[in-house]
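Participant: Pasting a structure below so you can have a look.
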Amino acid sequence: MALRLILFGPPGAGKGTQAAAIRAKLGVPHISTGDMLREAIAAGTRVGLKAKALVGAGSLVPDEVVGEIVAERLARADARVGFLLDGFPRTLRQAEILEVVLQARKESLDHVVKLNLADDEAVRRLSGRRTCGKCGASFHVAFSPPKVDGVCDACGSPLAQRDDDREDVIRKRLEVYRVQTAPLAAHYAKRGLLREIDGTGTIEDVQRRALAALGAA
Ligand code: AMP
């Protein structure tokens with residue numbers, strides 16, 4: 001049976017990390033608008049050029065631009081078995097865009113999982129995050145350091161800090177989340193779709209809670 005999920009929560013809550021675990025367990029494609037935008041920026045596409053300065057400043061890319069990327073991605077064959085959206089929708093307008101796309105496909109959402117995390121913990125996690133530019137593996141300078149400083153354990157490529165993982169930009173992203181994205185919780189709670197879980201603790205702790213919230217533990 002197809003499973004259509006949204007994973008949402010503040011920056012640093014562990015959406016990308018948990019999405020990888022959920023994908024492995026449930027076999028639905030992981031669709032991250034942040035990853036798609038970073039790829040578009042790296043490739044210098046039309047969308048990438050529009051998004052570059054906004055992403056670097058911690059602001060949102062316009063709803064219609066992101067909506068189009070998601071609609072195109074959902075049209076691919078692998079999304080027929082369902083999907084796990086990570087980082088989309090981020091505004092009420094994006095939630096409407098998603099509803100229109102799903103209605104046209106005669107599909108509906110099954111669950112919206114919200115990861116909760118305090119701002120200070122989010123700043124601690126994000127400011128220490130280092131990512132491999134080649135394979136995407138993620139490390140933390142204090143909590144899960146690579147074996148060799150600055151080098152990816154998985155593929156040996158150099159690790160880098162995302163431009164938007166600097167403290168001033170992290171604070172901006174948290175503010176954008178509070179104002180523009182957090183209202184989605186009430187939107188999905190009203191529809192009976194919201195499952196809130198505690199995002200603190202180890203990756204495994206959060207994974208257990210997330211899978212239990214989806215009835216897949
Ligand atoms: P993320 O990887 O989800 O933390 O996203 C990184 C950045 O990409 C965000 O701070 C935004 O600038 C942009 N972005 C990602 N997803 C969206 C979205 N759904 N709507 C608007 N901007 C987005």
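Participant: What pairs can you find where one residue is in region 167-178 and within 13 Å of residue 12 (Cβ to Cβ), the other is open to solvent by 100 Å² or more (accessible area, probe 1.4 Å), and their Cβ atoms are less than 8 Å apart, with a gap of 6+ or different chains?
Facilitator: From region 167-178, the pairs are 169/163.
Participant: Restrict the check to region 189-212 and report whether at least one residue is among the small types (Gly, Ala, Ser), in contact with a Lys or Arg (Cβ under 8 Å, 6 or more places away or on another chain) and either at negative phi or away from the ligand (no atom under 13 Å from the Cβ) (or both).
Facilitator: Here is the first cut: in region 189-212, the residues among the small types (Gly, Ala, Ser) are 189, 192, 199, 201, 210, 212.
Retained after the next criterion (residues that are in contact with a Lys or Arg (Cβ under 8 Å, 6 or more places away or on another chain)): none.
No - not one qualifying residue is present in region 189-212.
Participant: Give 162, 166, 124 a once-over and let me know the one that is surrounded by 12 or more Cβ atoms within 10 Å (Cβ to Cβ), away from the ligand (no atom under 13 Å from the Cβ) and of a type in the set (Lys, Arg).
Facilitator: Values: 162 fails: away from the ligand (no atom under 13 Å from the Cβ); 166 fails: away from the ligand (no atom under 13 Å from the Cβ).
So the residue among 162, 166, 124 that is surrounded by 12 or more Cβ atoms within 10 Å (Cβ to Cβ), away from the ligand (no atom under 13 Å from the Cβ) and of a type in the set (Lys, Arg) is 124.
Participant: I'm trying to understand the selection: among the residues of region 94-119, which are within 15 Å of the ligand (Cβ to nearest atom) and free of Cβ contacts under 8 Å to residues at least 12 places away in the same chain?
Facilitator: 96, 99
Participant: For region 63-89, give me each residue that is assigned to a loop (DSSP other than H, G, I, E, B) and under 16 Å from residue 193 (Cα atoms).
Facilitator: Step one: filter region 63-89 for residues assigned to a loop (DSSP other than H, G, I, E, B), giving 75-76, 87-89.
Residues satisfying the conditions are 88, 89.
Participant: Let me ask you something else. Check every one of the helices (runs of 4 or more DSSP H) wholly within region 106-198 and list those with 1 or more residues that are over 30 Å from residue 82 (Cβ atoms) and of a type in the set (Lys, Arg). If you could, list the steps in order and put the result at the bottom.
Facilitator: Numbers: elements: 119-127, 167-176, 184-190.
Qualifying helices (runs of 4 or more DSSP H): 119-127, 167-176.
The values are calculated or read from the model by the stated rules, or taken from the named source; none is laboratory data. Remember, it's a predicted structure, so these values are computed and weren't measured experimentally. Every residue, glycine as well, gets a Cβ built from its backbone with ideal geometry; the counts of neighbours run over all protein chains shown. Heavy atoms of the whole protein, side chains included, go into the accessibility calculation; ligands, DNA and RNA do not. Shrake-Rupley method; radii C 1.70, N 1.55, O 1.52, S 1.80 Å.
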